[in-house]
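To keep things clear, I will list the structure first and then write my remarks on it.
The values are calculated or read from the model by the stated rules, or taken from the named source; none is laboratory data. Please read these numbers as outputs of a predicted model, since none were measured by experiment. Virtual Cβ from ideal backbone geometry, glycine too; neighbours counted across all protein chains shown.
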Ligand SMILES: O=P(O)(O)OC[C@H]1O[C@H](O[C@H]2O[C@H](CO)[C@@H](O)[C@H](O)[C@H]2O)[C@H](O)[C@@H](O)[C@@H]1O
């Protein structure tokens, strides 16, 4: 696939644990992904990003890798992976692997040798005589004491996810060698987990906050990524996306500017914190629409001509977007299509998270027993100890838990949504009898076909790839309207983010005949006055 092509491509994210189990197991498998490739080809996506399937104790669902060269038996075998690569390639789909090298599992051989004081491996992790007050992103202090050596190791995530020491050149070379191994297997892309956290400030100071300023976009990050590019990517047909935790626009321009030779594109998360009052995730709260438009517009303008955004509403760490920024009760279909239109009109590479293309919703679990995620369970315990009530905490979890997106993919209306004939590892969302792939494929007006149209428009209309972005409605409390322009072409996207009907004066020159995507039958357009019904979204295109 050429450089030109990937900028017109759409990536589909698969969380294999919840995708499909043809074997009838509690968890999905690699064979389950292969079995559904025709469905993905029908949608029109060109890459699959598959979250980690390496050997792992699964404390953080595979983001705690204990062997980077082996497939976890719960997912199948290396032969299954090779088959998936081949079968995907036969359908014009490239497989992207998830590389988790900010940390490894404490069960990894490297950490076990480090723990034992092995001369080579001790320094593969970050050991200190004294801890700092840095906080783990999953709650509690980020350092764990080891009695044997009398030292502390750093874990920015779970205590079983020890941070690797990127200052050690031999460790870095081992990581690059592992990545080359996957590249040689025919992997067409790498998604790099929290990659902007790998370079820590080496004096490890105390903080007046949680410590993130001392390791986010850290002192040697660009040097490390340039080295990784030289050692693994350069001259090869692979695309790369860095997951950038709490990053800045300036850093993302550098990470993804082709001249810098670091990465193809970056994920940033600021637009998904517009429902975190005072930066607090675990509080139930409505989202701030003005802030959402402002943040996404800032990133559209700031990256244009300089870097490249990975654009997304959902992933395996986020609630379902139709429940979050749409309306998953009275207007599920309209609002799912509206959100798709707004995102797929933007510049960047769109990522669709499994089930988003059929408008899957948060499951609405009320009981803590139904949640599985390590972050959710850790934070519940911590916040309760700090005095938050069970009711407030459950309201927050119901809205924010990462498990909202991890319920099984809804394939059909049979028991467990056709995900497995066994008992799934996490409950299926109760609405699976209505919201499922089979129903969506049978309905020409479904959310699925709306996504399919948007994916094919990206391939057809160069302006969606190249055009600049202008926000037309910064202050409107309900409408998001923007244009994308090149010298030859122009796109106008207008969306009502709420239920009540509203009006918007569109720029001169667009007519009903220019509509290329719409979630209602006929636009209510009178001259330049557009009346927008609940969650109505229209994309106009003219040359
Ligand atoms: O919210 P941010 O600070 O901007 O960070 C972005 C996400 O980072 C983490 O996600 C990834 O790393 C975790 C550890 O490997 C893993 O559990 C997760 O599944 C990865 O996607 C964090 O856990 C997320 O909540 C943040 O959204």
*asked:* Only one of 476, 395 is out of contact with any helix residue (DSSP H, G or I) (no Cβ under 6 Å at 6 or more places or on another chain), modelled with pLDDT of 95 or more, part of a helix (DSSP H, G or I) and more than 16 Å from the ligand (Cβ to nearest atom). Can you tell me which?
replied: 395
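So which residues in the range 302-320 are more than 14 Å from the ligand (Cβ to nearest atom) and on the phi < 0 side of the Ramachandran plot?
Correct list: 302, 303, 304, 306, 307, 308, 309, 311, 320.
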*Report whether or not residue 69 is within 16 Å of the ligand (Cβ to nearest atom), over 20 Å from residue 436 (Cβ atoms) and touching a residue at least 60 places away in the same chain (Cβ under 8 Å).*
no
*If you scan the range 419-438, which residues turn out to be assigned to a helix (DSSP H, G or I) and buried (at least 20 other Cβ atoms within 10 Å of the Cβ)?*
432, 437
_For the range 323-352, give me the residue count where each residue is in contact (Cβ under 8 Å) with a residue 40 or more places away in the chain, in a loop (DSSP other than H, G, I, E, B) and more than 15 Å from residue 461 (Cα to Cα)._
5
_Sole exception among (1) without any contact (Cβ under 8 Å) to a residue 24 or more places away in the chain; (2) buried (at least 17 other Cβ atoms within 10 Å of the Cβ) for residue 291, by number_ = (2)
*Residue selected from the range 255-283 under the condition within 21 Å of residue 237 (Cα to Cα) and buried (at least 20 other Cβ atoms within 10 Å of the Cβ), by the criterion nearest to the ligand (Cβ to nearest atom)*: 267
